[in-house]
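The values are calculated or read from the model by the stated rules, or taken from the named source; none is laboratory data. Remember, it's a predicted structure, so these values are computed and weren't measured experimentally. Here Cβ is always computed from backbone atoms with ideal geometry, including for glycine, and neighbour counts include all displayed protein chains. When the accessible area is computed, the model is the full protein with side chains, heavy atoms only, and any ligands, DNA or RNA have been set aside. Shrake-Rupley method; radii C 1.70, N 1.55, O 1.52, S 1.80 Å.
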Amino acid sequence: MTRVGIGIRTAQMRSERITGQIHVYDGAGKGKSRAALGVVLRSIGLGINSGAQNRVLLLRFLKGPGRQYDEDGAIAALQQGFPHLIDQVRTGRAEYFAKEEITRFDRMEAQRGWDVAKGAIASGLYSVIVLDELNPVLDLGLLKVEEVIHTLKNKPEEVEIIATGRAAPQALLDIADLHSEMKPHDHPMSLEKGLEGIEIYTGAGKGKSTSALGKALQAIGRGISQDKSHRVLIMQWLKGGSGYTEDAAIAALQQSYPSLVDHHRCGGDAIVWRGQQREIDYVEAERGWEIARSAIASGLYKTIILDELNPTVDLELLPQEPIVQALLRKPRDTEIIITGRCLNPPAYFDLASVHSEMICHKHYADRGVELKRGVDF
């Protein structure tokens, strides 16, 4: 039987791998560092569910103190919620610099960060190690590519490595098990209408839902440090049943920040195939949209994640026009993040002020490697 469409494979149906992989997120589009943070949240959730100590190291190159970054609040939220599971190291100076502006300090800071990375990889203390902005560090020539490649190729089998940033060198891409490129798209209509705060993450590559989870963490961080009314709604379609590791982490965040986080999932506990939609699929999709539409109109939430809305619309479980109208009428200070792949881009894509397409250049699943709980779902 031929099945056409974009079914979402449910968590309960999945077997999983144990071996850690090397992920590379690069490209000019948004979502690279946030995708890494989303994987971190899932990994923490797995630890909460299993009782394991899934410790994570966030090693941030080129992001020294003295400047604020979008992900600072997200990391602060994670550290406050899970202080025993998150370690962070920042290296480098705060401002951007080109190759011709490299100083001795820049080289020393890059080497300091890499010394930390090598020790962390060898230690066996961490299940996930994020090497944020490693790619431009290598592109700038601040570290020897050959040494980095040797270390990563000989990492402990179970450790997951995530490297982010623009301009990943080919040698790193060659050893990567997963390579997602974030490609930006411009939509003139959003500028013409003066629309802001609508972000779309789509494409066949990994990083869509994890970028959205990272965005949710950023919003929670703002709620902690800047605006106590900064409430976050995470609305997920096509994710019925149980077994999603982010559920435990989100629940833990709700306990830590009960006034900041709301989370709903909808969908049946089965893949939805084009042409084989069931009544429950339509009912659940509409239920999710009623929650989302009310939340958008209310102004109660500063950040709303509409996870897997794109394939829900593409599978014709929801009409496009009500979504377009709801986005056009959203409060100006409400940010909306929409995720999921789709064959036919819906009309609301034209309203996006940020649109990143995750292009899949390489994925371990394509060579038969099973997905991993706490990383992929």
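Observations on the model:
- GNM top mover of Arg278, Arg42, Arg287 - the chain, alpha-carbon springs below 10 Å: Arg278
- Most mobile of Gly340, Gly203, Gly124 in a GNM of the chain (Cα contacts under 10 Å): Gly124
- Accessible surface computed residue by residue for the chain, with neighbouring protein chains in place and a 1.4 Å probe, gives 41 Å² per residue.
- Estimated FRET transfer efficiency when R0 is 51 angstrom, pair Arg329-Glu157 (beta carbons, to 0.05): 0.50
- Rounded Å value of the spacing that divides the Cα centres of region 251-318 and region 167-244: 16 Å
- Computed over the chain: relative contact order in percent, which uses C-alpha pairs under 8 Å that are six or more apart: 28 percent
- Counting only DSSP beta bridges with both residues in the chain, the antiparallel share comes to about 15 percent.
- Rounded to the nearest 20 debye, the dipole magnitude of region 275-355 is 340 debye, with +1 charges on Lys and Arg beta carbons, -1 on Asp and Glu beta carbons, and the Cα centre as origin.
- Packing-based ranking of 136-143, 269-276 yields 136-143, 269-276, ordered from highest to lowest mean Cβ neighbour count within 10 Å.
- For region 116-205, the relative contact order is 31 percent, taking Cα pairs closer than 8 Å that sit 6 or more residues apart in sequence and dividing their mean separation by the residue count.
- Highest average first, the peptides 298-311, 349-362 ordered by how many other beta carbon atoms sit within 10 Å of their residues are 298-311, 349-362.
- Each peptide in 209-215, 27-33 receives the mean, over its residues, of other Cβ atoms within 10 Å, and ordering these scores from highest gives 209-215, 27-33.
- Selection from His179, Ile220, Val159, by position along the positive dipole direction of region 155-279 (Cβ): Ile220
- Annotation for region 121-182: trypsin sites (Lys or Arg not before Pro) lying in DSSP loop with at most 12 further Cβ atoms inside 10 Å of their Cβ are Lys144.
- Taking every C-alpha pair closer than 8 Å and separated by at least 6 residues, the mean separation divided by the residue count of region 158-304 gives a relative contact order of 22 percent.
- The chain: calculated mean residue ellipticity at 222 nm from DSSP helix runs of at least 4, using -39500 (n - 2.57): -11500 deg cm²/dmol
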